[in-house]
1. Checking the conditions here, which among L44, L91, L38 is open to solvent by 60 Å² or more (accessible area, probe 1.4 Å) and at pLDDT below 95?
2. Can you give me the number of residues within region 62-73 that are part of a helix (DSSP H, G or I) and either under 17 Å from K170 (Cα atoms) or open to solvent by less than 60 Å² (accessible area, probe 1.4 Å) (or both)?
3. Please list, ordered by first then second residue, the pairs with beta carbon atoms under 6 Å, 6 or more apart or interchain, first in region 102-125 and of a type in the set (F, W, Y), second open to solvent by less than 20 Å² (accessible area, probe 1.4 Å).
4. Output the residue which, of all residues in region 1-12 that are open to solvent by 20 Å² or more (accessible area, probe 1.4 Å), out of contact with any Gly (no Cβ under 7 Å at 6 or more places or on another chain) and in a helix (DSSP H, G or I), is modelled with the lowest pLDDT.
5. What is the number of the single condition among (1) touching a Phe, Trp or Tyr at 6+ places or on another chain (Cβ under 9 Å); (2) open to solvent by 40 Å² or more (accessible area, probe 1.4 Å); (3) touching a residue at least 60 places away in the same chain (Cβ under 8 Å) that G81 does not meet?
6. List the number of the failed condition for E182; all other conditions in (1) outside any helix (DSSP H, G or I); (2) of a type in the set (D, E, K, R); (3) under 22 Å from L54 (Cβ atoms) hold.
7. All but one of (1) more than 18 Å from L20 (Cβ to Cβ); (2) aliphatic (A, V, I, L, M); (3) buried (at least 16 other Cβ atoms within 10 Å of the Cβ) hold for V143; which doesn't?
8. Identify the single condition in (1) at pLDDT below 95; (2) open to solvent by 30 Å² or more (accessible area, probe 1.4 Å) that A57 does not satisfy, given that it satisfies every other one.
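The values are calculated or read from the model by the stated rules, or taken from the named source; none is laboratory data. Keep in mind that this is a model prediction, so the values were computed, not measured. Reconstructed Cβ throughout: ideal geometry from the backbone, glycine too, with neighbour counts over all protein chains shown. Accessible surface is based on the protein model in full, side chains and every heavy atom, while ligands, DNA and RNA are left aside. Shrake-Rupley method; radii C 1.70, N 1.55, O 1.52, S 1.80 Å.
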Amino acid sequence: MAKSSANERYDGVTVGLHWLNAILVLALFGTAMAWTYLPREMGLRWLSGIHVSLGVALAAAVIARLIWRMTAGRRLHPVPGNALANVAARLVHMALYGLLPVQIGLGFGIEWLGGSSISVFGLFDLPSPFAASRELSSRLESVHGLVAWTMMALVGGHAAAALWHHYAAKDGVLTRMIPGLEQPGPSLPGTTAE
């Protein structure tokens with residue numbers, strides 16, 4: 001294995017924005033699942049406002065991440081080894097980078113077309129630039145749910161691949177994104193290029 005690529009690490013801003021995006025995506029999914037599927041008697045509908053505010057925070061974090069990636073963010077070489085795995089990783093990253101803005105736009109559209117301004121943690125409102133259309137808002141909500149589940153499948157695959165790289169291939173991929181993480185012992189035979 002080419003040691004230089006395995007020992008490369010992302011810069012601190014890239015790492016911080018990655019984990020901020022990950023936390024926000026999981027929090028958004030969790031809040032939506034809680035108010036949708038937990039018993040109504042629990043009175044969790046207030047999570048809807050938190051969900052919307054977190055969506056605005058995610059929009060800001062995604063914009064910051066994309067600007068950072070296009071300007072100063074460190075890009076690393078793929079770890080030598082399985083070309084198919086590298087292509088799959090690139091496709092998953094492209095899908096996530098593509099779906100995040102789509103999902104955010106759908107969320108904004110649901111609120112605005114539903115006739116609401118977007119309240120950001122009660123601090124300020126983003127008024128709707130559109131005339132209300134509850135029918136279109138409802139359609140967007142259906143697509144928003146589908147995209148959310150698609151993203152969760154991609155996030156799960158992304159996390160599983162990262163753990164495989166760390167515990168099976170032991171090729172240093174996960175250590176690139178987690179500061180201070182040490183690589184465990186020798187890799188499994190045939191999982192890395194020597």
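1. Of L44, L91, L38, the one residue that is open to solvent by 60 Å² or more (accessible area, probe 1.4 Å) and at pLDDT below 95 is L38.
2. We begin by selecting, within region 62-73, every residue part of a helix (DSSP H, G or I); these are 62-71.
Still in the running and either under 17 Å from K170 (Cα atoms) or open to solvent by less than 60 Å² (accessible area, probe 1.4 Å) (or both): 62, 64-66.
Count: 4.
3. Final answer for the pair search is F121/S53.
4. Among them, the one singled out is S4.
5. In the conditions (1) touching a Phe, Trp or Tyr at 6+ places or on another chain (Cβ under 9 Å); (2) open to solvent by 40 Å² or more (accessible area, probe 1.4 Å); (3) touching a residue at least 60 places away in the same chain (Cβ under 8 Å), G81 misses (1) alone.
6. (3)
7. The one condition V143 does not meet is (3).
8. Every condition holds for A57 apart from (1).
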